[in-house]
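Accompanying notes for the structure given below.
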Amino acid sequence: MDAVLLQGIANGLSLGLCYALIAIGFTLIFGVLNAVNFAHSEVYMLGAFAGLVIIQAFAPPFMAVVFLVAAVGAFLGFGLERIAFRPLRRARDEASLKSRALREATLMSSLAVGILVRELAELRFGGDMQPIPSGAMLNTPIAVGPVILTTGDFYIFGMAAAMLLLLQFLLYRTKIGLSIRALSDDLIGALYVGINTDRVIVWTFMIGSSFGALAGLMVGLYYGTIFPYMGFAPTLKAFIAMLMGGLNNIPGAVLCALLIGLSESLAPEIMPTRWVDLIAYVFLLVTLIFFPAGIFGRKAERV
Amino acid sequence: MDRLNAMARPYGVVVLLAVVLGVIPAVLAAVGLGYPFRLAQLTMIFVILSVSLNLVSGVAGLLSLGHAAFYGVGAYTAALLSTRFGTDLPVNLVASAVVAGVIGFLVAIPTIRLVRIFFAVATLSVGEIVILVITNWYDLTRGPMGVRDIPGFRVLGFDLGSPLQSYYVVAVVTLLCVWVVHRLSHSVYGNALRALREDDQAAGAMGLNVGMMKLVIFAISTALAGVAGALLAHSTNFISPDMFRLPESILILTMVVVGGLGSLPGAVLGAIILIILPELGRDFGQLRMVLVGLVLFLSILLMPKGIIGEVAAFDLLRGKPSRPKAP
């Protein structure tokens, strides 16, 4: 294989892993609530901004920034659930918890909170890209054979691997993970066996949002693009990855995120760069039409 | 409400026409000829968008997040026709409606069988695809630079470009569109759409052709959005792809939600509120979208049925509570 192709694959994998980190948050929250969290892109954006503010203020070591941003993300998830999701979940009977009206109401309330947060961020920081201190950028080149990687690539690989392992541990080895899986299997059933669903939902939001915030931090420092609208396109692509993966399926979502990342990074070889943004949307439409349950989905709940 | 009911009886229409065609232009002319008229035109264009989205999202229950894309298709059709071939407004309106409607129909064929939020996300992607195509098809659309110098309103060779004349053109088209939507949504057909919204399997079991009805209503709604786009192109003289992206779709959806999903007067009121309100706060600069987000959030939280809920809208429009009628 020639070096250009290898380079493309390397870039695609790190892009795909970023989408995967966002998609995990989406998938967790969708699994538990069956609701789309449109404010996830703002959590991602605020994660990047939080990292930037922390770096500018203290310039701490990188790992400290990572932990602080994860904490900020968890806090944002907590607040988001309180503001945009809990008030609409007043009734506890089965019909209203599963109703279409509730799903659409939470979709729109999270969308509204997202708009508010993004516009306020724009008022505060301005709409342009933020200057990033040169020492904080993760772009020191490292040659590996014919391919030139950067420190950011390694950080993203390492971080994604660590977080996927952590997620597996949380979901399959802890009590809160057991509750999350129970809720995502059957919310009413979980309620009947005495699980404190509200608490589990808050935990899910906190875990998912800290993943989203970390993804924002990594992308922001790797590509050097931190601005209020940064969340829109990547989050939409992560969402597409979730749909392609089959909604409730975290490994599926991660694989599809990698697929989208790889396609976007290899596509400029065969088509004009300006059409590359179309790829993810075309994937989505093809998936929705031909694989309505997602490529790795098990049951078709959708059609 | 009683007074409103009384108004909505036979002469409600006369009063409405008198206000839209007489009182408002008179007041606007007294205020000034430039900006107030532009604002009034913009409001009426958004009234068309809002009532057309209400038809598909409120009455038929198909949540669409890509409405602005079809508005853009209409605007580009009118702009390109009039700058390349110098066609008149009636031709452009029809062409915009047909192009937007046909694209809407074609797009709906694969996506319409998706339900609920999946349809919403599919329409969002379709909207992005349409706008990306418009942005990247340089030869046809001049890409991100947009189309400049679109001529104003011209009908049968007469130039209707002055503020007052264009106000009347937009007002007449808007009234026609609202009338069409009114006839569609307050009829047996509208009730069939409501049946789809509540339970499409039950509606299918009652003998409705569910798939075809969804396709047709989506195409009608996108065609009306195309009409709104044509009006926008001629009244602003300049369009660019950025004017038709997701924030506009969300703005239109907010109008429908604030007014009340499924309610025609609500959709009109929502459009008026969400265009005029941010203009009042224009001095605060960038607060427009903040206000949109805040209004959307508060209305979902505090008034899930909207300002004029669907049932109240029936009362308002018919002057009495709706009663099932033999078809």
TODO: Run the quick spin-label model on B:Leu277 and B:Gln201: label points 7 Å from Cα toward the beta carbon, then report their separation in nm to one decimal.
DONE: 3.8 nm
TODO: Quick one: accessible surface of A:Ile55, probe radius 1.4 Å, all protein chains present, in square angstrom to the nearest 10.
DONE: 20 Å²
Task: Pairwise label distance in nanometres, B:Leu140 with B:Asn209, each label 7 Å out on the Cα-Cβ vector - done: 2.9 nm
- [ ] Evaluate E = 1/(1 + (r/R0)^6) for B:Trp179 and A:Arg86, where r is the Cβ-Cβ distance and R0 equals 56 Å; express this FRET efficiency to the nearest 0.05.
- [x] 0.85
- [ ] With a 1.4 Å probe and every protein chain left in place, work out the accessible area per residue of the protein assembly as shown in Å², rounded to a whole number.
- [x] 42 Å²
Task: Lys/Arg +1, Asp/Glu -1 at C-beta; the stretch A:15-237 dipole; positive extreme among A:Pro60, A:Tyr223, A:Gly114 - done: A:Gly114
Open item on the list: Run the simple label-point estimate for A:Arg181 and B:Arg148 please: 7 Å along Cα→C-beta, distance reported in nm.
Closed with: 6.3 nm
TODO: Report the equivalent ellipsoid semi-axes for the stretch A:15-237 in whole Å, largest first, defined as the square roots of five times the eigenvalues of the gyration tensor built from alpha carbon atoms.
DONE: 32, 20, 14
Task: Cα-derived Rg over Rh, computed across the stretch B:197-282 with Rh taken as Kirkwood radius - done: 1.07
- [ ] Normalising by the residue count of the stretch A:1-124, find the relative contact order in percent from Cα pairs under 8 Å and 6+ residues apart.
- [x] 32 percent
- [ ] Let me know the charge dipole size of the stretch B:2-318 about its Cα centre in debye, to the nearest 20, where only the beta-carbon of Lys, Arg (+1) and Asp, Glu (-1) is charged.
- [x] 180 debye
Task: Partner chain coverage, peptide B:128-136 - average Cβ within 10 angstrom - done: 3
TODO: Quick one: compute the contact order of chain A, relative version, from alpha carbon pairs under 8 angstrom and 6+ residues apart, as a percent.
DONE: 37 percent
- [ ] Report, by chain and number, residues whose modeled amide H sits under 5 Å from the one on B:Arg154, excluding near sequence neighbours (fewer than 5 apart, same chain).
- [x] B:Leu89, B:Leu160
Task: Relative contact order of chain B, pairs being alpha-carbon contacts under 8 Å that are 6 or more residues apart, as % - done: 32 percent
Task: Solvent-accessible area lost in complex, 20 Å² minimum, residues of the stretch A:106-140 relative to chain alone, 1.4 Å - done: A:Leu107, A:Met108, A:Ser109, A:Leu111, A:Ala112, A:Ile115, A:Leu116, A:Glu119, A:Leu123
Open item on the list: Can you tell me the convex hull volume per residue for the stretch A:130-267, based on C-alpha atoms, in Å³ to the nearest whole number?
Closed with: 138 Å³
Open item on the list: Between the stretch B:26-69 and the stretch B:183-232, what is the separation of their alpha carbon centroids in Å?
Closed with: 20 Å
Task: Heavy-atom accessible area ranking, 1.4 Å probe, most first, across B:Phe158, A:Phe125 - done: B:Phe158, A:Phe125
Open item on the list: Can you classify the protein assembly as shown as rounded, prolate or oblate using the Cα gyration tensor, where a ≥ b ≥ c are the square roots of its eigenvalues, rounded means a/c under 1.5, and otherwise it's prolate if a/b beats b/c and oblate if not?
Closed with: prolate
TODO: For the stretch B:137-223, list log₁₀ I(q)/I(0) at each q in 0.13, 0.15, 0.18, 0.24 Å⁻¹, using the Debye formula over Cα point scatterers of equal strength and ignoring solvent, two decimals each.
DONE: -0.71, -0.79, -0.87, -1.12
Task: Per-pair calculated FRET efficiency, R0 = 41 Å: A:Val286 and A:Ala64 via Cβ, rounded to 0.05 - done: 0.45
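Would you mind calculating the gained length between A:Val4 and A:Ala161 on full extension (0.36 nm times residue separation, minus the Cα-Cα distance), in nm to one decimal?
Details: separation 157, 0.36 × 157 = 56.52 nm, distance 2.51 nm.
Once the chain is fully extended between A:Val4 and A:Ala161, it gains 54.0 nm.
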TODO: Enumerate the amide H contacts of B:Ile239 below 5 Å, restricted to partners 5 or more residues apart or on another chain; note that Pro and chain-start residues carry no placed amide H.
DONE: B:Val147
Open item on the list: Please compute the volume of the convex hull spanned by the alpha-carbon atoms of chain B and report it per residue in Å³.
Closed with: 141 Å³
Open item on the list: At 222 nm, what value in deg cm²/dmol follows for chain B if DSSP H runs of at least 4 each add -39500 (n - 2.57) and the sum is divided by all its residues, to the nearest 500?
Closed with: -23000 deg cm²/dmol
Task: Descending principal axes extents, the stretch A:6-81, alpha-carbon based, whole Å - done: 41, 40, 16
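The values are calculated or read from the model by the stated rules, or taken from the named source; none is laboratory data. Predicted model, so just to flag it, every value in this text is computed and none were measured. A quick note on method: Cβ atoms are made from the backbone with ideal geometry, for glycine too, and the neighbour counts reach across all protein chains shown. Surface areas here come from the heavy atoms of the whole protein model, side chains and all, with no ligands, DNA or RNA. Shrake-Rupley method; radii C 1.70, N 1.55, O 1.52, S 1.80 Å.
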